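Participant: My questions will all concern the structure given below.
Values quoted throughout were computed directly from the atomic coordinates according to the rules given, and no laboratory measurement underlies them. Since we're looking at a predicted model, the values are computed, not measured. Positions of Cβ are backbone-derived with ideal geometry, glycine not excepted, and every protein chain shown enters the neighbour counts.
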Amino acid sequence: MYKTLGYKRLAYKVLAAAMIFAGSLAALAQATGPNARGSNVTPVPPDVVKELAPTGKLRAALNLGNGVLVQGPPQDPRGVTVDLSRELGKRLGVPVEFVTYEAAGKVFEALKSGAWDVAFFAIEPVRAAEVEFTAPYVLIEGTYMVLKDSPLKVVADVDRPGVRIAVGVGSAYDLFLTRNLKNATLVRAKTGGGRAMIDLFLDEKLEAAAGVKQPLVEYAKTDPRVRVMDGRFQVIEQAMGTPKGRSAAAKYLRAFVEEMKASGFVADALKRSNQPDAEVAPPA
């Protein structure tokens, strides 16, 4: 009888040990399996870290003039580009330093002095000569604002002789319209972001102002004299970029952006920053 009880106790111990071992294996599988948080994040190669953070930190250029991408003051920026910068810095294992500018044109100019490692602005041929771009992560629209009683009714009406269009110098829509307008004349504000082109349009009594749709719509809500046209003259492809010559960094950034789109990271960041009209770009 005692011998039988001894065998039973031994069997229970063996069974309990087996259950604990099986549980440990299951926990390990859950922690390292394909659905585990961070399981798809592979270590960043040293050459990528060196190219993206040559100073020991990731210097991310932010365009404060584009309210779709960045909101808040320079001391406390928010928005999709801020979130992407912080996620990239976390993966690289380096601190992030935000370098802020009032317009995309200023970001591009700062490239000459080596002031930043990654930037967020629209893909443009002029810029692509000096910047390695990813595929776009966000699509936004360029359109026109006119006076409420303007005879210009639709986007196609604007490209006419005698029509003067206010643009922000060096902006994506400035570069695009410079290449594509046949008859209208561009009048450039001194800066490419914020309300500069709106102020120029009103102060100089121009026929139209060109800009990113969302800020124009927000302004029009506050000024009964103006209206924003339906439609668009341009789809602005917002992308990440790094200076030419950083080939390892460029390759990594392209994969990073695709992952951020596919995982829902970009969509969530746009939602958090209250940008429902901005569209996540499709896969490359």
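Participant: Using packing as a proxy for protection, rank 126-133, 248-255 so that the peptide with the highest average count of other Cβ atoms within 10 Å comes first. Intermediate values should be presented prior to the final figure.
Facilitator: Numbers: 126-133: 16.4, 248-255: 19.2.
Final packing ranking: 248-255, 126-133.
Participant: Among the listed pairs Lys57/Lys112; Lys190/Lys244; Lys153/Lys221; Lys112/Lys190; Lys90/Lys190, which are separated by more than 29 Å between their Cα atoms?
Facilitator: Lys90/Lys190
Participant: Roughly what would the spin-label model give for Val126 and Asn180, points 7 Å off Cα along C-beta, in nm?
Facilitator: About 1.5 nm separates the two model spin labels.
Participant: Could you list Ile236, Ile198 so that the one with the fewest beta carbons within 10 Å of its beta carbon is first and the one with the most is last?
Facilitator: With the sparsest Cβ surroundings first, the list reads Ile198, Ile236.
Participant: Are there GluC sites (Glu not before Pro) in region 159-227 that DSSP marks as loop and that have at most 13 other Cβ atoms within 10 Å, and which are they? Before the final figure, lay out each step's value.
Facilitator: Values: sites: Glu204, Glu207, Glu218; in loops: Glu204, Glu207.
Qualifying residues, ordered by number: Glu204.
Participant: For each of Thr134, Thr222, count neighbouring Cβ atoms within 10 Å of the residue's Cβ, then give the residues from fewest to most. Don't skip to the end; give the middle numbers.
Facilitator: Details: Thr134 25, Thr222 7.
Ordered by Cβ neighbours within 10 Å, fewest first: Thr222, Thr134.
Participant: Output the DSSP H helices from the chain with an along-axis C-alpha extent of no less than 24 Å and a mean Kyte-Doolittle hydropathy no less than 0.5.
Facilitator: Once both thresholds are applied, what remains is 2-32.
Participant: Can you list residues whose amide H is under 5 Å from Met240's amide H, if they're 5+ apart or on another chain and H is modeled 1.01 Å from N?
Facilitator: Residues meeting the criterion, in which the H sits 1.01 Å from N, are Thr134, Tyr137.
Participant: Decide, for region 140-234, between rounded, prolate and oblate: order the square roots of the alpha carbon gyration tensor eigenvalues as a ≥ b ≥ c, take rounded if a/c falls under 1.5, and otherwise choose prolate if a/b is larger than b/c, else oblate.
Facilitator: Note, shape of region 140-234 comes out rounded.
Participant: Could you tell me the center-to-center distance, by alpha carbons, between region 112-175 and region 87-102 in angstrom?
Facilitator: Comparing the Cα centres of region 112-175 and region 87-102, I get a distance of 26 Å.
Participant: Counting other beta carbons within 10 Å of each Cβ, put Phe233, Phe108 in order, fewest first.
Facilitator: Working: Phe233 20, Phe108 23.
Starting with the residue having the fewest Cβ neighbours, the order is Phe233, Phe108.
Participant: Highest first, please rank the peptides 146-159, 268-281, 75-88 by the mean number of other Cβ atoms sitting within 10 Å of their residues.
Facilitator: 75-88, 268-281, 146-159
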